[in-house]
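Trainee: I have a structure here, written as C-alpha cells, and I will follow up with some questions on it.
The values are calculated or read from the model by the stated rules, or taken from the named source; none is laboratory data. Quick caveat: nothing in here was measured; it's all calculated off a predicted structure. Counting neighbours? That spans all protein chains shown, and the Cβs are built from the backbone with ideal geometry, glycine included. Accessible surface is based on the protein model in full, side chains and every heavy atom, while ligands, DNA and RNA are left aside. Shrake-Rupley method; radii C 1.70, N 1.55, O 1.52, S 1.80 Å.
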Amino acid sequence: MTVTTHEANVLGEDPFETANLLDPYPFLGRLRDAGAVSYLESTGSYAVAGYQEVYEVLTDFETYISSGGLGPRDIRKDSGWRPPSILESDPPIHTVMRRALTGVINPSTVRALREPFTPPAAELTEQLAQRKTFDAITDLAEKYPLRVFPDAVGIPDVGREHLLPYGNMVFNAFGPENYIFKQAFAQGDEHAAAVMRNCQRENLDDTGFGAQIWKRVEDGLITEQQATLLVRALLSAGVDTTIFGIGNTLSVLARYPEAWAQLRENPKMAKFAVDEALRLESPFQKFHRTVAVDTVLGGVHLPAGAKVLVFLGAANRDPRKWGENADDFDLNRNASGHVAFGMGLHQCVGQPIARLEMEIVLQQLLERVAAIEPDGAPVPILHNVLRGFESLPVRITAA
Amino acid sequence: MSASAGATIDAVVDQVDVVADQVVSLVLRRTDGRQFQPWQPGAHIDVHVGDGLVRQYSLCSSPEELDHLRIGVLHVPDSRGGSKAVHALLAGTPLTISEPRNNFPMRESRRYLFLAGGIGITPLIPMLEAAHAAGKEWTLVYGGRSRNTMAFAQQLEDRYGPERIRIIAEDEVGRLDLDQILGMPRAHMLVYACGPGGLLGAVEERCMGWPPGALHTERFVASTLGAAAANAPFEVELARTGTTVTVPNDKTILEAVEEVGVRVLSSCRGGLCGTCETQIISGEPEHRDAVLSEEDREAGEVMLVCVSRAAAGCPRLVLDL
C-alpha cells in the first residue's frame, strides 16, 4: 500500500504570542480549520489540534516519544534545565517509575483522602459565603490545594512557598524561552533547590505519598534518584493544575446560572460539572512530543526528530468530536474521553486526587452559595501552556 | 437476544479427550441438534454439574463453528467438586448448560499480548484465532508447571509457530519472567491475561506501568463462588434517586442505571479505571474489576458498577446513586 502525503499547511501565526495566550480559542479554531497537521513557522514544530490527531499522538507513544522533552527543544541533544522527569521519559525507564507511582496513587489510596480533604474546603467556603463578593482565584482556588495537597504528599511546612513559583517554571518551560519563560525562571535556582530538598526521604513524613514512593526504593523497584524525581513530579504537577482546574470550573459556572441551580438541586452532579469544565477550559492546554521515526499523520509526512505541538485544549473543543456546541458548557454532555488529563501511557497519575479536590470544593460551595455571577471581568493569566485566571471576581448570594 | 437468566439448554457430551495431565476437553452439542447462539472470544458457559452445583467454563472452540462448544477442565483435587464431576463425565452423557455469555470480551486494537497461566489458556484460544484472522500483531506467552500439564500447548505451537507461541514450562526454563515480558509497554497493545490469582496479581502490578486500560484479565472467580448463578438478574435500589431498577443478566448495573436516566461518571466501562466507583449502602457485591484492592473487596463498601454485580444469593443491592 502506498500512502499519499501532502505538505503540512504552514501557519505564520504564533501560538505563544501574548494575544493567543490570553484568549487561545480563536487561534485554536483557525488551527483546527487549517488541516489535520500544520507547520508552525514561529516554533519550527508541527501542530495537531483535532481530536483524532491529538488522540493518535498521545496513544502512539512509540512514534511520538517523550524523552525529547515537552518543550520545543529536543532535550536529548541539548540537555534540559533539570534531570528528566517521568513526563520526559519513555519505556522502559518510564515503566518502573509509573508502576511505583500508580501503586501509591490509585482509587483506594485516594478514597481515603476525602475525609481529611473535606474540612478545609468547608472552612474556606464557609468564610467566603459570609461575603457578598470575593475573588474565586486568590481567595479560593489558590488557597485550597495548598491547604491539602502538600500534606497528602507529606512535605514539611518550610519551603511550601516555593511550590507555586516552581510549578510555574516547570510548565512554562514546555513553551519557548520567551519573556514569560524568563520571568518564571528569574529566581529559578532557589525555587528548584527548595523543592528538591522536600523530595528527600528525610524531609518527608512517614505516611504521605512521598514516603510511600520512597518505600518502593526498599523494594528494589526504583532508585533513590527516581524516588526523588517522582516526589518532585507530584509537587510540580499537582498544585498549579488543580488550582487552574478549580478556577476554570468556577469561571465557567459563574457564566451559567442555570447550571449552578441544577447543581444545587443535585450536588451529586458536581463531578460531571468539573469534567465538562475541564473539557471546555482545560488547564493544561498544550505540550510537545518528539517524532521518533519517520511517520505519516493526517496525510502529512513527519520526519524523525521533528517536534509536534499537541493542543489538548483544542481537541477538547473539536466540533467533529463534541458537536456544533463544542464551545458551550453543557452539564448534560457526556464529556468522558476528553484529553484534559492526557491519554494513554502518560495520562495524569494524580487525576483522582485532582478530581477529588475539585469535586469537594465545588460541593462545599454549592452547599453555601445559592447563586454566583461574575463581578467584573476575569483576568486571564499569561502562561505558555496553562490556561487559567489570575483573578476571577464573583458576586454571590448566600444560601 | 441473549438467553434469559437461568435459561438452560439440554446438551450432550459428544467427545471426551484427555488433553494434558489432569485436563480433559469436552465437546458439547445441543440435544435438539440446533446451533448454539453466536458468541465472541472470551465467552464462557454455565455447566450444571449435579447436586445443584453450577460452574463456569471458558469456551476454547471456534466461534466460527456453532454446531458444538468445547471446554477444557482442570481437575482440582481440593475444589468443591465441580471439576471432579466434570472429569467423571463420559461421551453420551446428557448435560445441562447455558448459552455462551461473555465477561471477558476482546476489544479492538492493533496489537495483542496474550498471557496464560495453566488452564487459563482456554478463553485465550478463540482470541488467538480472531487476532490471527484479522492480521493483527500478536504473541502468546503460556506458562505452566511442565509441558505435560499444559493443555493445547503443542497444537497451538504447531498451528501458529514458535515465533508467536512462547511455551514456558517451569521444569524446563523456570517460571514466567514477568519483568521481562511486561517491562516494555507497546503502543496500541492490549494485554489479555488469564490464570491463577497469584499470577494475575503480579501481572496487574507490572501493568501499572502500561497505559491505563491496557490490561484485561479473567480471574477464576467462578470456581470459588459455589453455586453462583453467574449473571442472574437482581435489583438495584438507587438510594438518592429513590428508584429501583432490575439489572438483567445481559446488562451491567451501569447500563441499567443509565437507562432510567441516572448518570454515573464512567470512563473505561471495563473495570479498569475506577471512575465509576460507587458506594454500597447494603447488599453484597461480586467484584469483577481489576482496580480494587483485596481490602476493598473484603470491606464491600464500594464497587465498580461497570462490571461488578450482586453476589450469588444477594437479590438486591442498595447503592448511593
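Trainee: Can you name the condition, by its number, that residue B:299 falls short on among (1) in contact with an Asp or Glu (Cβ under 8 Å, 6 or more places away or on another chain); (2) modelled with pLDDT under 90; (3) among the hydrophobic types (A, V, I, L, M, F, W, C)?
Mentor: Failed condition: (1).
Trainee: Read through the list (1) buried (at least 16 other Cβ atoms within 10 Å of the Cβ); (2) modelled with pLDDT of 95 or more; (3) at the interface with another protein chain (Cβ under 9 Å from one of its Cβ atoms), then give the number of the only condition that residue B:183 fails.
Mentor: Of the numbered conditions (1) buried (at least 16 other Cβ atoms within 10 Å of the Cβ); (2) modelled with pLDDT of 95 or more; (3) at the interface with another protein chain (Cβ under 9 Å from one of its Cβ atoms), the odd one out for residue B:183 is (1).
Trainee: For the range A:90-111, does any single residue satisfy the condition of being away from every other protein chain (no Cβ under 14 Å), without any contact (Cβ under 8 Å) to a residue 40 or more places away in the chain, open to solvent by 40 Å² or more (accessible area, probe 1.4 Å) and not polar (S, T, N, Q)? Before the answer, list the steps.
Mentor: Keep residues of the range A:90-111 that are away from every other protein chain (no Cβ under 14 Å), which gives none.
No, every residue in the range A:90-111 fails to be away from every other protein chain (no Cβ under 14 Å), without any contact (Cβ under 8 Å) to a residue 40 or more places away in the chain, open to solvent by 40 Å² or more (accessible area, probe 1.4 Å) and not polar (S, T, N, Q).
Trainee: Quick test of your reading of the structure: residue A:77 fulfils all but one of (1) modelled with pLDDT under 95; (2) under 21 Å from the mean Cα position of the chain (by Cα). Name the failing condition by number.
Mentor: (2)
Trainee: Only one of A:300, A:291, A:274, A:296 is among the β-branched types (Val, Ile, Thr) and touching a helix residue (DSSP H, G or I) at 6+ places or on another chain (Cβ under 9 Å); which? Break it down stepwise before answering.
Mentor: Working: A:300 fails: touching a helix residue (DSSP H, G or I) at 6+ places or on another chain (Cβ under 9 Å); A:291 fails: touching a helix residue (DSSP H, G or I) at 6+ places or on another chain (Cβ under 9 Å); A:296 fails: touching a helix residue (DSSP H, G or I) at 6+ places or on another chain (Cβ under 9 Å).
Selected residue: A:274, the only one of A:300, A:291, A:274, A:296 that is among the β-branched types (Val, Ile, Thr) and touching a helix residue (DSSP H, G or I) at 6+ places or on another chain (Cβ under 9 Å).
Trainee: How do the helices (runs of 4 or more DSSP H) wholly within the range A:78-147 filter down when requiring 3 or more residues that are more than 26 Å from residue A:289 (Cβ to Cβ): which remain?
Mentor: In the range A:78-147, the matching helices (runs of 4 or more DSSP H) lie at A:107-111, A:114-129.
Trainee: Let me ask another. Quick check on my filter: what residues within the range A:204-245 are more than 21 Å from residue A:158 (Cα to Cα) and in contact with an Asp or Glu (Cβ under 7 Å, 6 or more places away or on another chain)?
Mentor: Of the residues in the range A:204-245, the ones more than 21 Å from residue A:158 (Cα to Cα) are A:215-226, A:241-242, A:244-245.
Scanning the range A:204-245 gives A:217, A:242.
Trainee: What are the residues in the range B:256-274 that are farther than 15 Å from residue B:320 by Cα, open to solvent by 30 Å² or more (accessible area, probe 1.4 Å) and touching a Lys or Arg at 6+ places or on another chain (Cβ under 9 Å), if any?
Mentor: Across the range B:256-274, the qualifying residue is only B:259.
Trainee: Further question on the same structure: Could you please find all residues in the range B:1-32 being open to solvent by 60 Å² or more (accessible area, probe 1.4 Å) and either farther than 16 Å from residue B:99 by Cβ or at pLDDT 95 or above (or both)?
Mentor: B:10, B:14, B:15, B:18, B:21, B:22, B:29, B:31, B:32
Trainee: When residues of the range A:247-270 are filtered for being out of contact with any strand residue (DSSP E or B) (no Cβ under 8 Å at 6 or more places or on another chain), of a type outside the set (Ser, Thr, Tyr) and closer than 19 Å to residue A:342 by Cβ, how many remain? Even if it seems obvious, please write down each step before you answer.
Mentor: Initially, the range A:247-270 is screened for residues out of contact with any strand residue (DSSP E or B) (no Cβ under 8 Å at 6 or more places or on another chain), giving A:249, A:252, A:256, A:258-259, A:262-263, A:265-270.
After this cut, where a residue has to be of a type outside the set (Ser, Thr, Tyr) as well, the list is A:252, A:258-259, A:262-263, A:265-270.
Checking the rest, the ones that are also closer than 19 Å to residue A:342 by Cβ come to none.
Residues flagged as out of contact with any strand residue (DSSP E or B) (no Cβ under 8 Å at 6 or more places or on another chain), of a type outside the set (Ser, Thr, Tyr) and closer than 19 Å to residue A:342 by Cβ within the range A:247-270 amount to 0.
Trainee: List the strands (runs of 3 or more DSSP E) inside the range A:214-318, counting only whole elements, that have at least 1 residues being within 14 Å of chain B (Cβ to nearest Cβ) and crowded, with 21+ Cβ neighbours inside 10 Å.
Mentor: Those strands (runs of 3 or more DSSP E) span A:286-291, A:295-297.
Trainee: For the range A:319-334, what are the residues that are modelled with pLDDT of 95 or more, surrounded by 14 or more Cβ atoms within 10 Å (Cβ to Cβ) and basic (Lys, Arg)?
Mentor: Within the range A:319-334, A:321 is the sole residue that qualifies.
Trainee: A further question follows. Please go through the range B:201-219 and give me each residue that is buried (at least 21 other Cβ atoms within 10 Å of the Cβ), in contact (Cβ under 8 Å) with a residue 40 or more places away in the chain and in a helix (DSSP H, G or I), ordered by number.
Mentor: Residue satisfying the conditions is B:203 alone.
Trainee: Another one. Would you mention how many residues in the range A:378-397 are assigned to a strand (DSSP E or B) and open to solvent by 10 Å² or more (accessible area, probe 1.4 Å)?
Mentor: So the answer is 9.
Trainee: From the list A:326, A:370, which residue is part of a strand (DSSP E or B) and more than 30 Å from residue A:178 (Cα to Cα)? Step through it out loud before you land on a result.
Mentor: On the way: A:326 fails: part of a strand (DSSP E or B).
None of the other options fit; the residue is A:370.
Trainee: Which of the residues that make up the range B:134-178 are within 14 Å of another protein chain (Cβ to nearest Cβ) and surrounded by 14 or more Cβ atoms within 10 Å (Cβ to Cβ)?
Mentor: B:137, B:178
Trainee: Now for a separate question. Within the range A:349-359, which residues are more than 10 Å from chain B (Cβ to nearest Cβ) and within 11 Å of the chain's Cα centre (by Cα)?
Mentor: A:350, A:354, listed by residue number.
Trainee: Tally time: how many residues in the range A:60-79 are free of Cβ contacts under 8 Å to residues at least 40 places away in the same chain and open to solvent by less than 30 Å² (accessible area, probe 1.4 Å)?
Mentor: Within the range A:60-79, residues that are free of Cβ contacts under 8 Å to residues at least 40 places away in the same chain and open to solvent by less than 30 Å² (accessible area, probe 1.4 Å) number 1.
Trainee: Checking the structure you have, find out if any residue of the range A:37-53 is buried (at least 18 other Cβ atoms within 10 Å of the Cβ), touching a helix residue (DSSP H, G or I) at 6+ places or on another chain (Cβ under 9 Å) and in a helix (DSSP H, G or I).
Mentor: yes
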